[in-house]
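Notes to accompany the following structure.
The values are calculated or read from the model by the stated rules, or taken from the named source; none is laboratory data. All of these numbers come straight from a predicted model, not from anything done at the bench. Cβ coordinates were reconstructed from backbone atoms using ideal geometry, including for glycine residues, and neighbour counts include every protein chain displayed. Note: accessible area is taken over every heavy atom of the protein model, side chains too, but ligands, DNA and RNA are not part of it. Shrake-Rupley method; radii C 1.70, N 1.55, O 1.52, S 1.80 Å.
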Amino acid sequence: MRALAFTLLASSLLACGGDTPPPAGPIDYTVIGYDYAFDIETRAAATAVDVRVDTGGDCLSMPLRAGQIADVTLDDEPVSGTLEGNILTVCGAGWEDGSEITLRGTLEIPDETWGDSQVGYSVTDDLEGQPFYYLVSWVGGCDRFGPCDSAPDRFAHYHFTVHHPSGYKALCPGTVTAGDTETTCDFTFAGGPTYSGFGVAASPSWTTDDLGDWGGVHATLYDIPSTGIADAIDTSYHADYLAWMIDQFGPYPYGDEIRFFTGPTYWNGFEHPGNIALADTLVGQSSRYANPLAHTINHEMTHMWAGDQTTLSGTYDFVWKEAMAEYLTYVFDDQRDPAIAAKTASAWKYFAGGAAYYPVPMDDPRPALLDYYGDAYGPGPMVLFHQLERLYSRDDVMAALAMLLGTERSIGVDDVKTALETTTGADLTNYFNAWVYGSGKPAWPRFSVQALDAGGGDYNVLVAQLDPQNGLYGCAFAVELTGDNPGESDEVWVDMGPDGKTSQMVTASPGFSVTGWTFDPHADCLAYEGPVAAPAAAQPRINPWVARRSRR
Ligand SMILES: [Zn+2]
């Protein structure tokens, strides 16, 4: 408020002095914070957006998809605005560089979501037939609720005031102050991107469970007892994971508290900063992950660093945050229980088989995030990290991640490539062009295998990429040679380098007569044996992050 008073004074002095007219034209600005109040039942909202003027002017334009806004003031002066193409423009007295002004208004949150997702505002019955209220902005979506700078790379502070019926609990990022019918959340940490920071949930059903100390962070679960989640959480496993993440990437970015809440969510989980959503279906659901609840909790905690603290430069950088959340969960499991990690890698490869888009889709026009993001979870961790740890080393990949994470900033897929090139010493241009960027349904490479008897017990194993004229794909993987007798198994390692090769021959001395083989038995590469399967045998497209209840 002090800055506001100063600005008003400065403006009036300028007006009186008359020597310099106030700046005119569009204002360039940075949003410092959102103070957002709403009623979860009526959806009536009041917003105050604190803006720092970077380049002075008299007109402020900000994305607004929530519809009409009333009672608009700028710097506490009533102003009229125009809303065109989902951009609100309001003009006032004119403000100098460096001044701070507040845009206020009232509106009604639209009762709508993006497609069948929960992006937007929704009320869904929980397992006990009670309403679960959820406000989720997602990438580029905070203008669904009011004027908001919705560019993915923006950070802000947040203050939410949630009006709710007596006895309900409400959760949002930051320090929660719970009252009977009003709950506030105050988020003042440095790294609060709008995609996850602008998020509120409320429920009459939650009971709280103290999950103890996780690496110096106090963990609490807001659960609906019938989910079975409270009993299923292995607290020491997750405490170790959070401590491991802190060890790898620096302090937990959101103070000394991490909260989880359960509900009928569209996704298995979502990474609101310090305030993680978990689907109520995670216990006992069939899954290609060894333990979907445990996997989801670690995945979402990874996002506290990868996604929240360090966020996306742009919408089409979405893949790196999911790839990191999957890969780091996998690395931790691989150090403790390789069978769990092996199942994760094999799940990624399965999901990738049905992907309809490349990790960074270059289609023209480029697809909407809701249409392609689900294809990031399998191919993303494979091509960005797992294949490269097999071509180079895990230490190289982890060192690249340590270069990228731990600070409040935005990064893109190109930054991930540069960091990996730095730590591996490789030129990954061809590799990224083959695996990461592309249009249409990905055509992951297919290979032929021959095991030729070279005499003297040796075999020449020849692996050749089919259709090399369509581009070579670099990666490294095993071929497991097998014989007719129990225990006859020997692996050869096929390294196609980062640029790929038309063929590679490896000599093996397995000590038995080779009668067959298994191609890539450890899911080290999105490489497949033989020509493309007939359409009827093609893998279905799977979005592994859509909760069971939301699948059709
Ligand atoms: Zn994720």
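Okay, here's what the table says:
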read-out: Gyration tensor (alpha-carbon) shape descriptor, the stretch 153-299, a/c threshold 1.5; value: oblate
read-out: Relative contact order for the chain, counting Cα pairs under 8 Å that sit 6 or more residues apart, in percent; value: 10 percent
read-out: Surface per residue (accessible, 1.4 Å probe) for the chain, Å²; value: 38 Å²
read-out: Radius of gyration and Dmax over the Cα atoms of the chain, both given in Å; value: 26.4, 100
read-out: Spatial separation of Cα centroids for the stretch 47-66 and the stretch 69-91, in angstrom; value: 9 Å
read-out: Separation between Cα centres of the stretch 378-415 and the stretch 178-252, rounded to whole Å; value: 26 Å
read-out: Cα-based convex hull, the stretch 105-183, per residue volume (Å³, whole number); value: 120 Å³
read-out: Under 13 Å, Cβ to Cβ, from H522 - net charge with Lys/Arg +1 and Asp/Glu -1; value: -3
read-out: Segment T429-S226, extension gain: residue separation times 0.36 nm, minus the distance between their alpha carbons; value: 68.1 nm
read-out: Solvent-accessible area, 1.4 Å probe, carbon plus sulfur percent, for the chain; value: 49 percent
read-out: Label-to-label distance, nm, for residues given as E84 and R549 (7 Å Cα→Cβ offset); value: 4.4 nm
read-out: Taking N as its residue count, the alpha carbon Rg of the stretch 368-513 over 2.2 N^0.38 Å; value: 1.25
read-out: 3J(HN,Hα) from dihedral phi, the stretch 474-485, Karplus parametrisation 6.51/-1.76/1.60, rounded to Hz, x for glycine, proline; value: x, 5, 9, 7, 9, 10, 8, 7, 10, x, 7, 9
read-out: Per-residue SASA entry for W138, accessible area with 1.4 Å probe, Å² rounded to 10; value: 10 Å²
read-out: The stretch 472-535 - Rg (one decimal) and Dmax (whole number), Cα, Å; value: 13.0, 39
